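One structure below.
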Amino acid sequence: MALITGKKCGDEEMGALGLETEVAEARTTFDSGKTKGFEWRKSQLEALLRLLQEKEEDMLKVLKEDLGKHRVEAYRDEVGALTKSVDNALLNLKKWMAPEKVSLPLVAVPTVAEIVPEPLGVVLVISSWNFPIGLSLEPLIGAIAAGNAAVLKPSELAPATSEFLAVEIPKYLDCEAIKVIQGGPQVAEQLLDLKWDKIFFTGSAQVGRIVMTAAAKHLTPVTLELGGKCPAIFDSLKSSRDQRMAVGRVAGAKWGSCLGQACIGIDYLLVTDEYAPTLIELLKGVIKEFFSNSEHLARIVNKHHFQRLCNLLQDESVAASVVHGGSVNAEELFIEPTILLNPPLDKEIMTEEIFGPLLPIITLKKIEDSIEFLRARPKPLVIYAFTHDEKFKQRIVDDTSSGCVMFNDTLIQYLCDTIPFGGVGQSGFGQYHGKFSFDNFSNRKPVGRRNFLIEFSFRYPPWNEKKLQLLRHIYRFDYIGFVLCFLGLKR
Amino acid sequence: MEGKTSNEVFNREKAEATVKELRQSFRAGKTKTYEWRAAQLEGIARLIKEKESEITQALRSDLAKPEMESYLHEISLAKSACLFALKNLKKWMKPEKVPAAITTFPSSAQIVSEPLGVVLVISAWNYPFLLSIDPVIGAIVAGNAVVLKPSEIAPATSELFAKILPEYVDSSSIKVVEGGVPETTALLEQKWDKIFYTGNGKVGRIVMAAAAKNLTPVSLELGGKSPVLVDSDVNLKVAVKRIAVGKWGCNNGQACIAPDYIITTKSFAPQLVEALKVTLERFYGKNPLESADLSRIVNLNHFKHLTDMLDEENVSDKIVCGGQTDEKQLKIAPTLLLDVPHDSLIMKNEIFGPLLPIVTVDKLEDSFEIINSMSKPLAAYVFTKNKKLEQEFLSNVSAGGILVNDVALHLANLYLPFGGVGESGIGAYHGKFSFDAFSHKKAVLSRGFAGEAGARYPPYTPEKQWILKGLINGSIVALFLALFKRF
């Protein structure tokens, strides 16, 4: 049951004027104060939960259609993760909305202060194609929880999902406040021309620059969730059980999640010369075990990216470094899990984010060299490291920079609501998930309250030396000195 | 120490070289240690103590700022920022342990604060000492290397920084670059890990657009028209003193959080105006242009900007107090205006000077429409004893900060975030918020190999899906099965 006030939504054709009208309506709705109340926010989140439950099959279907995702993968990575997030938001909403009391120094008495979170207003969420439902709704959860009106532009490169969202969201959510506007770069440009109170963008660095430049015209704060080449450092692990498990996690992160087209997927591995052969054999084994049936793997999103990935393998020296896989199926837009050993570092496969099922393994003399290797490169969204060495772990945390560091596992940081999710440097800025989502879409407004009871005359002009002295004492929290000075017993 | 020396101009090459040097310093790990950060802060604390009279002198030269204001609003606030940072540095630097989720059990999680790298601080002219040193303190405390570009419109303070800062801090990691538009442009072309800008919205847009090229996060401390809503039930004498000192006692109105305009009821306005007049005479005497307790207008440009506002048709006849100007001395007396037209210059732009328009309404509830018709200000004030009105003000007015029954004080409280929203800015600082503004909060999640959910991996089956569903929803049973079921 939609929270609609007698209005039919979602089936109009969107021209340029239609787009502006929709956004203007979201603004009017926000200005009316409707989205600020606890009840509204709760009802929207509950409606979102219902959508996730009732339309689960449809979601799994469109994800299969757009990306060839197996239903279990689609559930695990998108639908399920969202369910957890909405539950978490519902559980904590009241707490998040509550003002935060702040302690004050004695000198400020009698002032009482608190920090009151308030919505920013009307926010724009631009989502990406690889987790088209997850990356659309996860920010939306934050926007709604924080009391904003929101416009979502899903990626046109995942058309079935985009259509699904455009049709279903207005049925469940308040369509006067939450809008879905479909379209490609032109529509995005039109949207970016308008004034927003916040823009949340997930996508490539190149488009991220365009978004931020457009936002600058209106001084709109932005969050950019970008990507990068996320490395996995693979140290020697003692037991073969641990090794096997680690390799399973690597394989899951590389190929098991959207066939490598994930911002937090593993881009490449760093391992010692010595260990590389063992690792490759283990990987081959796991690939056979997990992915023999290509039905359990996603597809490349479109011809353009398929061609881009094939081109990465064109170079002779890169092609020569392939040690497993390499076969492609243009009709299916499928590329099998492929491993490369030491492709040249100056080739595109090692200078650009791969975003596909090609896994370069770069070998080093000793595993500690991985730190220098990473320091010389742009900061990624996540650094993975498989190791038992506590000292090495500490060095990785201290001496490298990335959005996140994950030890001995992959991808699951996405599910952890207590840690912030976001990049740094080239991988973006701004964070979300859990309360970080709520804060991302809020203005944390400090409120101080005074009364008229106590008044210090030395706050006011005309100035003289005595007033200056009194203030010096106060600022040094030298209350005795203050009292003495006040009483004229001290200079 | 960079800057204009003889015929040298700070151009792109110099900017590049400066950033390169700082990057090397940063990469060497110098600025990350507790010892380095503490040493820099101690250096700055010493600077403030030892050079207090030079600083006061520079502020007098740049702004004719009264010594009291220099002490109250710049020196003492800088000192407390420094000491507060020193006191809390160790605590802030410690990683924050957070509970991990059941979905990721067994795991341990923490949030580690790390410096962003090499940052640029561009400061403003109205509190040229504080607005330079305060963000720099934040940059240092978070472990960054930093370039400070003080405002060229406050040249004495800028020069002072260029001269004395290197004597007190590590100049291989903390640099001062003096200059105007060309130098700032050269700096903005470089790649920074953060840019912190204090100033106006026009330049703020330029800074953000330049930052966008390198995906550099920004903090923009801008301004706006800070409204003061005055109810008739207040202790008028006290309220008026607080408004007056917040307006004219803060650089003669040239402050981003100074009251810009007052809104009150038609019936109360005459009393309010009278009370303000009495207070103004008490503070500044019968000839305010000669009072030593009033700052002057910073330069001719801003002086003209203010006199243009006063001279506008239908505005000049609304002056009910003050209005005297002295172009030679760049002085303007505290001026009250009553009911200027809503579309006048003085009501459309941030005043940033000693002119205080009073807008009257029939009832106070009508004021929200007026306030919200303008862009969100840095601060908003309400004077009232009526709890209901106070609550309405809080819910209806969005601003960087709100103060009830006083003016400007919140900026001195190091436990409150200081920053704008909408046109008044992006980001916040002061106290720990400064540390956070210049840090990256890195999530660190650690797992072992004890528990393994075979259900995570293909080949996928309905049974695996069932377990994953339960696991994601925090079901203990599913967790048990996930950990122990063999596939």
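Here the Karplus relation 6.51 cos²θ - 1.76 cosθ + 1.60, evaluated at θ = phi - 60°, turns the backbone of segment A:362-377 into coupling constants of 9, 9, 10, 5, 10, 5, 5, 5, 4, 5, 4, 4, 6, 5, 7, 10 Hz, with x for every Gly and Pro.
Using DSSP to define loop residues, name the trypsin sites (Lys or Arg not before Pro) in segment B:326-409 whose beta-carbon has at most 16 other beta-carbon atoms within 10 Å.
Details: sites: B:Lys328, B:Lys331, B:Lys348, B:Lys363, B:Lys385, B:Lys387, B:Lys388; in loops: B:Lys328, B:Lys363, B:Lys385.
When the trypsin sites (Lys or Arg not before Pro) of segment B:326-409 are filtered for loop state and at most 16 Cβ neighbours within 10 Å, B:Lys328, B:Lys363, B:Lys385 remain.
Accessible area per residue for segment B:409-448, computed on protein heavy atoms with a 1.4 Å probe, is 22 Å².
Just to be sure I understand: of the beta bridges DSSP finds with both ends in the protein assembly as shown, what percent are antiparallel, rounded to 5? Kindly include the intermediate steps, with their values, before the conclusion.
Numbers: 39 of 114 bridges.
Bridges in the protein assembly as shown are about 35 percent antiparallel.
Taking amide H positions as modeled 1.01 Å from N, with prolines and chain starts lacking one, the residues under 5 Å from B:His440 and 5 or more places away or on another chain are B:Glu114, B:Leu116. A cut-off of 5 Å between modelled amide H atoms, ignoring neighbours fewer than 5 places along the same chain, links A:Gly68 with A:Arg299. With the largest listed first and rounded to whole Å, the semi-axes of the equivalent ellipsoid of segment A:336-406 from the Cα gyration tensor are 22, 14, 13. Chains B and A together bury roughly 8700 Å² of accessible area, counting both sides, with a 1.4 Å probe on protein heavy atoms only.
Quick one: Kirkwood hydrodynamic radius for chain A, alpha-carbon pairs, angstrom, one decimal? Working shown, then result.
Numbers: mean 1/r = 0.0399 Å⁻¹.
One over the average 1/r among Cα pairs gives 25.0 Å for chain A.
The shape of chain B comes out oblate: with a ≥ b ≥ c from the C-alpha gyration tensor, a/c is at least 1.5 while a/b does not beat b/c.
Each Cα pair under 8 Å and six or more residues apart adds its separation to the average, and for chain A the resulting relative contact order is 17 percent.
The largest-to-smallest principal axis extents of the Cα set in segment A:106-206 are 60, 34, 24 Å.
Which whole-number value in Å³ per residue fits the convex hull of the alpha carbons of segment B:320-389? Don't jump to the answer; show the numbers that get you there.
Values: hull volume 9.0 nm³, N = 70.
Per-residue hull volume (Cα only) is 128 Å³.
The alpha-carbon atoms of segment A:270-412 define a convex hull whose volume equals 127 cubic angstrom per residue.
Round to a whole number: what % of the accessible area of segment B:183-261 belongs to carbon and sulfur, probe 1.4 Å? If you can, show how the numbers build up before the last one.
Working: 1020 of 1770 Å².
Summing carbon and sulfur atoms, their accessible area is 58 percent of the total for segment B:183-261.
Taking only alpha carbon atoms, segment A:208-316 gives an Rg to Rh ratio of 1.09, where Rh is the Kirkwood radius. Dipole check for chain A: with +1 at the C-beta of Lys and Arg, -1 at the C-beta of Asp and Glu, and the Cα centre as origin, the magnitude is about 2520 Debye.
How many times 2.2 N^0.38 Å is the alpha carbon radius of gyration of segment B:394-487? Mind dumping the intermediate values first?
Values: Rg = 24.3 Å, N = 94, 2.2 N^0.38 = 12.4 Å.
Normalised by 2.2 N^0.38 Å, the Cα Rg of segment B:394-487 equals 1.97.
One way to sum up the overall shape of segment B:5-49 is the equivalent ellipsoid from its Cα gyration tensor, whose semi-axes run 27, 18, 5 Å, largest first. Size descriptors for segment B:218-344: radius of gyration and Dmax over Cα atoms are 14.7, 46 Å.
In a simple Cβ point-charge model (Lys, Arg +1; Asp, Glu -1; nothing else charged), chain B has a dipole of about 2400 debye relative to its Cα centre.
Suppose every K and R has +1 on its Cβ and every D and E has -1 on its Cβ; what is the size of the dipole of segment A:119-243 about the Cα centre, in Debye to the nearest 20?
Working: 10 positive and 12 negative charges, 61 e Å.
Its charge dipole is roughly 300 debye.
What angle do you read, to the nearest 10 degrees and between 0 and 90, between the alpha-carbon axis of helix B:201-213 and the longest principal axis of chain B? Relative to chain B, helix B:201-213 is tipped by roughly 20 degrees. DSSP beta bridges fully contained in segment A:260-410 are about 25 percent antiparallel. I need the shape label for segment B:400-440. Rule: rounded when a/c is under 1.5, else prolate if a/b > b/c, else oblate, with a, b, c from the alpha carbon gyration tensor. Because a/c hits 1.5 or more and a/b fails to exceed b/c, segment B:400-440 counts as oblate. Entry for the protein assembly as shown at q = 0.07 Å⁻¹: log10 I(q)/I(0) = -0.62, Debye formula applied to identical alpha-carbon scatterers, no solvent contribution.
Starting from segment B:217-300, pick out the trypsin sites (Lys or Arg not before Pro) whose DSSP state is loop and whose Cβ has at most 14 other Cβ atoms within 10 Å. Walk me through the intermediate numbers first.
On the way: sites: B:Lys225, B:Lys237, B:Lys241, B:Arg242, B:Lys247, B:Lys266, B:Lys277, B:Arg282, B:Lys286, B:Arg296; in loops: B:Lys225, B:Lys266, B:Lys286, B:Arg296.
Sparse-neighbourhood loop trypsin sites (Lys or Arg not before Pro): B:Lys266, B:Lys286.
Pairs with C-alpha atoms separated by more than 20 Å, drawn from the list B:Lys32/B:Lys194; A:Lys36/A:Lys179; B:Lys194/B:Lys442, do not occur.
On a per residue basis, the convex hull of the C-alpha atoms belonging to segment A:428-473 measures out at 196 Å³. The longest part of chain A holding none of the exposed loop GluC sites (Glu not before Pro), meaning those outside H, G, I, E and B in DSSP with at most 10 other Cβ atoms within 10 Å, is A:14-330. Out of A:Thr351, A:Leu165, A:Gly488, whose Cα points farthest toward the positive end of the dipole of chain A (charges: +1 Lys, Arg; -1 Asp, Glu; placed on Cβ)? My answer, from the dipole projection, is A:Gly488.
Classify segment A:45-116 as rounded, prolate or oblate, taking a ≥ b ≥ c as the square roots of the eigenvalues of its Cα gyration tensor: rounded when a/c is under 1.5, otherwise prolate if a/b is larger than b/c and oblate if not.
Details: a/c = 5.81, a/b = 3.72, b/c = 1.56.
It comes out prolate by the Cα gyration axes.
Treating the angle as unsigned and between 0 and 90°, give the value, to the nearest 10°, between the Cα long axis of helix B:76-93 and the longest Cα principal axis of chain B. Taking Cα atoms only, the helix is inclined about 10 degrees. Count Lys and Arg as plus one, Asp and Glu as minus one, and take only other residues whose Cβ is under 15 Å from that of B:Phe303; the net charge is then -1. Segment B:427-476 to segment A:129-165: how many Å between their Cα centroids? Segment B:427-476 and segment A:129-165 have Cα centres spaced 21 Å from each other.
Give the Debye-formula value of log10 I(q)/I(0) at each listed q (0.09, 0.20, 0.22 Å⁻¹), with one equal scatterer per alpha carbon of segment B:1-137, two decimals each. Debye curve over Cα of segment B:1-137, log10 I(q)/I(0) at q = 0.09, 0.20, 0.22 Å⁻¹: -0.42, -1.26, -1.32.
Shown for chain A are no DSSP H helices, since none reaches 30 Å along its axis, judged by Cα atoms, with a mean Kyte-Doolittle hydropathy of at least -1.0.
To two decimal places, what compactness ratio does segment B:265-416 give when its Cα radius of gyration is scaled by 2.2 N^0.38 Å? Mind dumping the intermediate values first?
Details: Rg = 16.4 Å, N = 152, 2.2 N^0.38 = 14.8 Å.
Relative to the rule-of-thumb radius for its length, segment B:265-416 sits at 1.10.
For segment B:249-335, GluC sites (Glu not before Pro) are listed when DSSP marks them as loop and at most 16 other Cβ atoms sit within 10 Å of their Cβ; the list is B:Glu312, B:Glu313, B:Glu327.
So, counting K/R as plus one and D/E as minus one, what does the shell of residues with Cβ under 12 Å around A:Phe306 add up to?
Working: positive: A:Arg299, A:Lys303, A:Arg308; negative: A:Glu331, A:Glu332.
Within the 12 Å Cβ shell, the charges total +1.
The values are calculated or read from the model by the stated rules, or taken from the named source; none is laboratory data. Computed from a predicted model, the values in this text were never measured in an experiment. With ideal geometry, Cβ positions are generated from the backbone for all residues, glycine too; neighbour counts draw on all protein chains shown. To get the accessible areas, we keep the full protein, side chains included, count just its heavy atoms, and leave off ligands, DNA and RNA. Shrake-Rupley method; radii C 1.70, N 1.55, O 1.52, S 1.80 Å.
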